[in-house]
Amino acid sequence: MNVPILDNRTARHLFLARHGLATRPSGPGKGADLKGVINDLGFVQVDSVNTFARAHDLILWSRRQQYRPKALQHLLHRDRQVFEHWTHDASIIPIESFGHWRLRFQRDAVRMEERWKEWRRGDFTAKIDAVLRRISDHGHCTSGQVGEGEERGSGGWWDWHPSKTALEYLWRSGQISVVRRDGFTKVYDLTERVIPAEQLNQRHHPEETIDWCCTGALDRLGFATSGELAAFWDHITPAEAKTWCTTALADGRIIEVDVEGADGKLRRSFAWPDVMDLTIGTPTPRLRILSPFDPALRDRKRAERLFGFHYRIEIFVPEAKRKYGYYVFPVMEGDRLIGRIDMKREDGVLAVRAFWPEQGVRMGTGRVQALETELERAAVFGGVDRVKYAKDWIR
């Protein structure tokens, strides 16, 4: 039997449609509309870097340009329509998914108990009961409110004081939850005080969660290898995803397809049986600025295969060795990634240092105007007065 080929253009269109980047970024960007965006994506990554806007806010703004950060805070803090926990990184997740996180809570607890004693300063396990009792008796708290008298480290996560490590353990194992963030500081409370009863009381067999993970990942990716399914939520093992694919293929639930990359090479993947019959419209030609942590770019290797776009964060690269900049933003136009831009919010303006077009992308008058228009929109979102361009900013 011949394996059908999903050509590169169709693959890109399908992938962008599943990631909310094929249509114009219109809509109220709050309430049920915003919740729908997060449902469609599966989760939105949270990141602390804030040169222009935090990752989760820019991800949502790229899809709903009326979105403002307070709308997400309402979903998380007031309406409890989403919760914060871990995928491949800290993320905002639809509340309906909470029951499937119990498998992760169990597995993370085992991993932390095995590894963190060796990796972290002090014996955090000796502080777990005290930290849990502190929250139970006195209510929500931050990491700065536990561990009185413990030496505060100046390093990264490996140098946390024991009570902070205990707090993180309790969160990662599901015993406490993020009730809100003050600025970017997590505020924790007992999970039963945070998660609505309907979701709190849900229980799933591990096989149900494995099926949910693989099904949900394939829905959102459009096509994927078993490894990509496992990596989507970073929730199940590669072996579990591989077994699911083998069984689903034998049962006729999924099919094999060869997906054409930007370089013409084919990559064997799995997809739903109707993938070759879908009517997929051409993405809007709208130009938009994306977060470096946008779901469409999170898997750097997949993005490079699909779009021919090589992207790496240079935050940890010494300044003299950076090719582009500390934190540059990918720029998409239609179904192409056309370049990257170095911009930041400073002194009441959006300062644009440089834009580097991709090879073969000509910056004609119309494209430059479209980019400047998007930068003006970004300035409004970022709460600054105007855009300031460096000399010879288009490289």
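Annotations
- Residues of the stretch 201-220 that turn out to be open to solvent by 30 Å² or more (accessible area, probe 1.4 Å), closer than 30 Å to residue 9 by Cα and touching a residue at least 60 places away in the same chain (Cβ under 8 Å), as a count: 3
- Leading residue by the ranking (nearest to the chain's Cα centre (by Cα)) among those in the stretch 312-333 that are open to solvent by 10 Å² or more (accessible area, probe 1.4 Å), more than 12 Å from residue 356 (Cα to Cα) and not hydrophobic (A, V, I, L, M, F, W, C): 312
- Residue count for the stretch 357-395, restricted to those that are open to solvent by less than 70 Å² (accessible area, probe 1.4 Å), aliphatic (A, V, I, L, M) and farther than 15 Å from residue 329 by Cα: 7.
- Checking each residue in the stretch 179-199 for being surrounded by 15 or more Cβ atoms within 10 Å (Cβ to Cβ) and either touching a helix residue (DSSP H, G or I) at 6+ places or on another chain (Cβ under 7 Å) or within 15 Å of residue 97 (Cα to Cα) (or both) picks out 179, 180, 188, 189, 190, 191, 194, 195, 199.
- Screening the stretch 245-354 for strands (runs of 3 or more DSSP E) wholly inside it with 1 or more residues that are under 26 Å from residue 38 (Cβ atoms) returns the ranges 266-271, 287-289, 329-333, 336-346.
- Checking 293, 223 one by one, the residue that is open to solvent by less than 60 Å² (accessible area, probe 1.4 Å) and over 26 Å from residue 329 (Cβ atoms) is 223 and no other.
- Test: residue 91 is within 24 Å of residue 219 (Cα to Cα) and open to solvent by less than 50 Å² (accessible area, probe 1.4 Å): yes
- Tally, over the stretch 269-290, of residues that are open to solvent by 60 Å² or more (accessible area, probe 1.4 Å), in contact (Cβ under 8 Å) with a residue 12 or more places away in the chain and either at positive phi or among the polar types (S, T, N, Q) (or both): 1
- Scanning the stretch 131-149 for residues that are in a helix (DSSP H, G or I) and either under 33 Å from the mean Cα position of the chain (by Cα) or over 25 Å from residue 113 (Cβ atoms) (or both) yields a count of 10.
The values are calculated or read from the model by the stated rules, or taken from the named source; none is laboratory data. All values derive from a computational prediction rather than experimental measurement. Quick reminder, even Gly has a Cβ in these numbers, built from the backbone with ideal geometry, and neighbours come from all protein chains shown. SASA here: full protein model, heavy atoms, side chains in, ligands and nucleic acids out. Shrake-Rupley method; radii C 1.70, N 1.55, O 1.52, S 1.80 Å.
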